Amino acid sequence: MGHLKKRGNKKYQIVIELDPDPETGKRNFFYETVNMSKPRARDTMKEIEQKLKKGTYVDTNITLKEHLKDFLKSQRKKLKPRTYNSYKMIIEKHINPKLGQYKLLQLV
């Protein structure tokens, strides 16, 4: 469930609570600041919540390295240990050294 924090004239921060970190149990939050009216910000928050639940939301401001780190973290319990280790090795040795520093938006 999310909520809005007012940050200025027609500026709101969207705050959405995510699932806790599976390893540490710490609470995770998604934050995004938008510059629009409150009704539009509320609609945007609902869209982002739906995309986060479906797993289709992609933050274009993060690098490929950060995105792949989040991917591995989210898939750890779903993958067999050998598959997880293979993915991790491929990402760390082959993908991150060449493409890890690029933002996702640059790779589209």
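The values are calculated or read from the model by the stated rules, or taken from the named source; none is laboratory data. Everything numeric here is computed off the predicted structure, so don't read it as measured data. We place every Cβ from the backbone using ideal geometry, glycine too, and count neighbours over all the protein chains shown.
Some values worked out for this structure:
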| quantity | calculated |
| --- | --- |
| Subset tally (residues that are of a type in the set (A, V, I, L, M, F, W, C), closer than 20 Å to HIS67 by Cα and assigned to a helix (DSSP H, G or I)) for the range 1-52 | 2 |
| Options LEU79, LEU68; residue that is within 29 Å of ASN96 (Cα to Cα), assigned to a loop (DSSP other than H, G, I, E, B), modelled with pLDDT of 90 or more and assigned by TED's automatic domain parsing to the domain that holds PRO97 | LEU79 |
| LYS88 being among the basic types (Lys, Arg), surrounded by 13 or more Cβ atoms within 10 Å (Cβ to Cβ) and either in a loop (DSSP other than H, G, I, E, B) or at negative phi (or both) | yes |
| Cβ pairs under 9 Å, 6+ apart, first in the range 29-52 and on the phi > 0 side of the Ramachandran plot, second at pLDDT 90 or above and of a type in the set (Val, Ile, Thr) | none |
| Of residues in the range 1-54 being surrounded by 13 or more Cβ atoms within 10 Å (Cβ to Cβ) and aromatic (Phe, Trp, Tyr), the one nearest to LYS77 (Cα to Cα) | PHE30 |
